[in-house]
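Participant: There's a structure below that I have some questions on.
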Amino acid sequence: MKTYVVGGAVRDALLGLPVKDHDHVVVGATPQEMMEAGFRPVGRDFPVFLHPQTNEEYALARTERKTAPGYAGFLFQAAPDVTLEQDLARRDLTINAMARNEDGSIVDPFNGRADLAARVFRHVSPAFVEDPVRILRVARFAARFADFSVAAQTNALMRQMVAAGEVDALVPERVWQELARGLMEQKPSRMFDVLRECGALARILPELDCLWGVPQSAVHHPEIDTGVHVMMVLDLAAQRGEPMEVRFAALTHDLGKGVTPPAEWPRHHGHEAHSVRLVEQVCQRLKVPNDARDLALMTAREHGNIGRALELRPDTMLRLFERCDAFRKPQRFEQMLRACECDYRGRSGFGQRPFPQAAYLLQALQAARAVPAGQIASETASRYPDQAQRIPEAIRQARVAAITPAWQAARPDDD
């Protein structure tokens with residue numbers, strides 16, 4: 001029995017990056033021998049075990065054979081005579097197909113170290129085409145290692161997989177899992193670059209793919225292209241360390257511009273309503289978690305109003321707060337403002353421009369939330385015991401009055 005550290009731990013160590021998790025391959029052992037040594041079995045499809053002390057994963061060396069379309073259509077074989085090289089050969093990329101021996105030496109049968117040095121993602125073998133999840137993984141790795149490129153031969157295989165319909169066999173949960181992980185990498189736009197280059201984005205997220213080539217007003221968007229703008233917004237959200245929900249809202253806020261008639265270009269009047277419908281469509285199809293869905297829907301619907309916040313009257317601002325449920329969920333409202341700030345600054349030459357709308361709206365919301373709604377309700381009920389319908393309007397009037405000083409202070413030059 002011999003054990004090796006494999007995959008990402010070897011890759012990241014060679015790149016000088018911190019290693020978070022260690023995966024191990026065991027050669028020359030049976031499941032019974034692993035359990036006799038104290039390892040706990042956890043794998044359903046093939047033998048994987050947890051170390052009795054470290055809880056790290058140890059998998060028996062295995063081979064695989066494609067038996068059906070999609071990423072789940074594989075038959076695995078784990079046996080004591082499966083070699084380390086056979087196990088590594090089934091992996092996706094050469095940079096992930098290296099192992100470290102117990103003495104620290106590197107086993108590199110597919111020249112992964114050379115591809116690390118060249119900053120290239122290259123498939124290990126033609127069997128790459130058998131698993132469509134590998135397209136998503138390559139794209140996600142591109143978001144993490146932004147200076148890497150996809151080898152031309154590997155991109156050709158990915159295009160072949162898209163044409164063969166392999167991507168269409170992916171289950172929504174797995175698509176979302178990989179996209180969400182990629183959104184949290186240092187340059188998430190690279191993930192979508194790779195998916196576009198091989199044609200997969202048009203199958204996975206057609207609502208996003210169609211944004212490239214759609215023009216916007218050069219006055220407000222010097223970068224012109226809507227797809228380019230959305231990627232700038234997304235990367236800015238990543239640079240600011242925003243959570244996944246804000247990044248997803250940044251990604252989807254302008255989906256409606258892909259379906260506005262060309263006659264409305266480059267202004268895209270009313271694109272927010274189209275965006276809401278398309279965000280709902282994407283979230284339903286990919287089974288996006290509720291928190292990400294709700295923030296994305298709100299951002300798609302309101303980002304135009306947020307941009308015009310300094311023009312809104314107090315009663316209009318209050319209706320904005322009410323639509324966004326900001327009194328109950330002020331933190332989500334603040335997240336939307338951060339997504340909208342990324343939208344504003346994610347444009348050519350806009351990166352350092354001020355965005356006073358966020359502080360202004362938060363100040364107004366704080367003032368409105370400070371209104372003693374319970375006390376007003378009690379006083380109104382005492383004064384009009386048979387007219388309960390007066391209570392909501394009394395509270396609204398008090399909140400508008402609380403917002404008004406901030407509104408007046410924002411326009412000192414008004415008569």
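The values are calculated or read from the model by the stated rules, or taken from the named source; none is laboratory data. This one's a predicted model, so the numbers in the text were calculated from it and none came from an experiment. Glycine also receives a Cβ, built like all others from the backbone with ideal geometry; neighbour counts cover every protein chain displayed.
Participant: Only one residue in VAL107, VAL82 is touching a Lys or Arg at 6+ places or on another chain (Cβ under 8 Å) and modelled with pLDDT of 95 or more, so which one is that?
Facilitator: Working: VAL82 fails: modelled with pLDDT of 95 or more.
Every option except VAL107 fails the conditions.
Participant: Answer with yes or no whether ARG277 is under 26 Å from ARG190 (Cβ atoms) and surrounded by 14 or more Cβ atoms within 10 Å (Cβ to Cβ).
Facilitator: Numbers: under 26 Å from ARG190 (Cβ atoms): no; surrounded by 14 or more Cβ atoms within 10 Å (Cβ to Cβ): yes.
For ARG277, the condition - under 26 Å from ARG190 (Cβ atoms) and surrounded by 14 or more Cβ atoms within 10 Å (Cβ to Cβ) - is not met.
Participant: Given the condition within 19 Å of the chain's Cα centre (by Cα) and at positive phi, answer yes or no: does some residue in the range 241-251 qualify? Walk me through it before giving the result.
Facilitator: First, pick out the residues of the range 241-251 that are within 19 Å of the chain's Cα centre (by Cα): 241-251.
Filter once more, so that each one left must be at positive phi: 241.
Yes, that holds for at least one residue.
Participant: Do you know which of the residues in the range 97-118 that are of a type in the set (D, E, K, R) and surrounded by 13 or more Cβ atoms within 10 Å (Cβ to Cβ) is nearest to ALA151 (Cα to Cα)? Even if it seems obvious, please write down each step before you answer.
Facilitator: First pass over the range 97-118, keeping only residues of a type in the set (D, E, K, R): 100, 102-103, 108, 113, 115.
Checking which are surrounded by 13 or more Cβ atoms within 10 Å (Cβ to Cβ) leaves us with 100, 108, 113, 115.
Numbers: ARG100: 25, ASP108: 19, ARG113: 15, ASP115: 10 Å.
Among those residues, the one meeting the criterion is ASP115.
Participant: How many residues does the range 8-53 contain that are surrounded by fewer than 13 Cβ atoms within 10 Å (Cβ to Cβ), under 26 Å from the mean Cα position of the chain (by Cα) and of a type in the set (Lys, Arg)?
Facilitator: Result for the range 8-53: 1.
Participant: Say we look at the range 200-234 and pick out the residues that are of a type outside the set (A, V, I, L, M), without any contact (Cβ under 8 Å) to a residue 40 or more places away in the chain and assigned to a loop (DSSP other than H, G, I, E, B); which of these is surrounded by the most Cβ atoms within 10 Å (Cβ to Cβ)?
Facilitator: The qualifying residue surrounded by the most Cβ atoms within 10 Å (Cβ to Cβ) is TRP212.
Participant: Follow-up. Among the residues of the range 122-133, is any part of a helix (DSSP H, G or I), acidic (Asp, Glu) and farther than 27 Å from GLY241 by Cα? Let's see the steps before the verdict.
Facilitator: Of all residues in the range 122-133, those part of a helix (DSSP H, G or I) come to 126-130, 133.
Checking which are acidic (Asp, Glu) leaves us with 130.
Restricting the remaining residues to those that are farther than 27 Å from GLY241 by Cα gives 130.
Yes - at least one qualifying residue is present in the range 122-133.
Participant: Moving on to the next point. If SER348 satisfies all but one of (1) in a helix (DSSP H, G or I); (2) surrounded by 13 or more Cβ atoms within 10 Å (Cβ to Cβ); (3) among the polar types (S, T, N, Q), what's the number of the condition it fails?
Facilitator: All conditions pass for SER348, except number (1).
Participant: I'd like to check something: does the range 320-327 contain any residue that is buried (at least 22 other Cβ atoms within 10 Å of the Cβ), assigned to a helix (DSSP H, G or I) and among the charged types (D, E, K, R)?
Facilitator: No, the range 320-327 contains no residue that is buried (at least 22 other Cβ atoms within 10 Å of the Cβ), assigned to a helix (DSSP H, G or I) and among the charged types (D, E, K, R).
Participant: Give the residues of the range 250-267 that are in a helix (DSSP H, G or I), in contact with an Asp or Glu (Cβ under 9 Å, 6 or more places away or on another chain) and under 21 Å from GLY351 (Cα atoms), sorted by residue number.
Facilitator: Within the range 250-267, ALA250, THR252 qualify.
Participant: Further question: Name the single residue that is surrounded by the most Cβ atoms within 10 Å (Cβ to Cβ) among those in the range 235-274 being in contact with a Pro (Cβ under 7 Å, 6 or more places away or on another chain) and not aromatic (Phe, Trp, Tyr).
Facilitator: Pass one, the range 235-274, residues in contact with a Pro (Cβ under 7 Å, 6 or more places away or on another chain): 235, 238, 247, 265-266.
In the following step, the residues that additionally are not aromatic (Phe, Trp, Tyr) were identified as 235, 238, 247, 266.
Values: ASP235: 21, ALA238: 21, ARG247: 27, PRO266: 17.
Selected residue: ARG247.
Participant: Among the residues of the range 261-278, how many are within 25 Å of the chain's Cα centre (by Cα) and without any contact (Cβ under 8 Å) to a residue 40 or more places away in the chain?
Facilitator: Initial filter on the range 261-278 (within 25 Å of the chain's Cα centre (by Cα)): 271-278.
In the following step, the residues that additionally are without any contact (Cβ under 8 Å) to a residue 40 or more places away in the chain were identified as 271-277.
Final tally of qualifying residues: 7.
Participant: On the given criteria, is ALA358 part of a helix (DSSP H, G or I), in contact (Cβ under 8 Å) with a residue 12 or more places away in the chain, of a type in the set (Gly, Ala, Ser) and crowded, with 19+ Cβ neighbours inside 10 Å?
Facilitator: no
Participant: Give the residues of the range 336-377 that are aliphatic (A, V, I, L, M) and under 23 Å from PRO243 (Cα atoms), sorted by residue number. If you could, list the steps in order and put the result at the bottom.
Facilitator: Step one: list which residues in the range 336-377 are aliphatic (A, V, I, L, M), which gives 336-337, 339, 358-359, 361-362, 364-365, 367-368, 370-371, 373, 376-377.
The answer is MET336, LEU337, ALA339, ALA358, ALA359, LEU361, LEU362, LEU365.
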